[in-house]
Amino acid sequence: QVQLVESGGGLVQAGGSLRLSCTASGSGVSGNAIAWYRQIPGKQREFVARISRDGSANYADSVIDRFTISRDNAKKVVFLQMSSLKPEDTAVYYCNVPASWNWGQPLASWGPGTQVIVSS
């Protein structure tokens with residue numbers, strides 16, 4: 001059973017930065033790809049970024065060149081470094097194990113997420 005807990009959210013000024021953390025537990029978790037998702041107020045949850053077990057990354061067009069996903073397999077932590085934040089990045093951010101055939105399909109239960117608020 002894979003369990004994921006998000007942390008690192010907060011209130012930040014537009015143009016600022018935050019680093020989110022996704023702490024994983026469970027057997028074999030280091031072999032899984034991990035993805036970040038977000039739910040913007042009034043909208044459906046959307047894909048943000050994915051990192052494979054070997055560190056290759058994929059990003060949504062809306063965050064490319066601003067967000068960086070990374071992982072520390074030994075510590076079982078995945079990070080999302082967010083820079084040049086915009087008010088439209090305001091959302092609850094979640095991590096999960098993505099299905100390889102559909103990155104929007106979670107394979108583990110959703111955690112509580114972490115709130116990011118970007119002020120203008």
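Worth a mention:
- Projected label points at Val5 and Trp110, each 7 Å from Cα along the beta carbon direction, are separated by 2.0 nanometres.
- Computed over protein heavy atoms with a 1.4 Å probe, the carbon and sulfur contribution to the accessible area of the chain reaches 47%.
- The Cβ shell under 14 Å around Ser70 holds other residues with a net charge of +4, Lys and Arg each +1, Asp and Glu each -1.
- Listed by chain and number, the lysines whose C-alpha is less than 25 Å from the C-alpha of Lys43, apart from same-chain residues fewer than 8 away, are Lys86.
- Kirkwood hydrodynamic radius over Cα pairs of the range 28-70, then Stokes diffusion coefficient at 25 °C and 0.890 mPa s, in µm²/s: 219 µm²/s
- Derived from the Cα gyration tensor, the three semi-axes of the equivalent ellipsoid of the range 1-113 are 22, 14, 13 Å, largest first.
- Dipole magnitude of the range 62-117 about its Cα centre (Cβ charges: Lys, Arg +1; Asp, Glu -1), debye to nearest 20: 180 debye
- Relative contact order (%) - the chain, alpha-carbon pairs under 8 angstrom, separation at least six: 35 percent
- Considering only the chain, percent of DSSP beta bridges that pair antiparallel, nearest 5: 90 percent
- Computed from phi, the 3J(HN,Hα) profile of the range 89-106 under the Karplus parametrisation 6.51, -1.76, 1.60 (θ = phi - 60°) reads 7, 4, 5, 8, 9, 10, 10, 6, 8, x, 5, 5, 8, 7, 5, x, 9, x Hz, with x in place of Gly and Pro.
- Cβ charges +1 (Lys, Arg) and -1 (Asp, Glu), total dipole of the chain, debye: 180 debye
- Taking the convex hull of the alpha carbon positions in the range 31-97 and averaging its projected area over all directions gives 4.4 nm².
The values are calculated or read from the model by the stated rules, or taken from the named source; none is laboratory data. Bear in mind the structure is a predicted one, so any value in this text is a computation, not a measurement. Heads up, the Cβs are rebuilt from the backbone with ideal geometry, glycines too, and the neighbour counts pull from every protein chain shown. Surface accessibility is based on the protein's heavy atoms, side chains included, excluding ligands, DNA and RNA. Shrake-Rupley method; radii C 1.70, N 1.55, O 1.52, S 1.80 Å.
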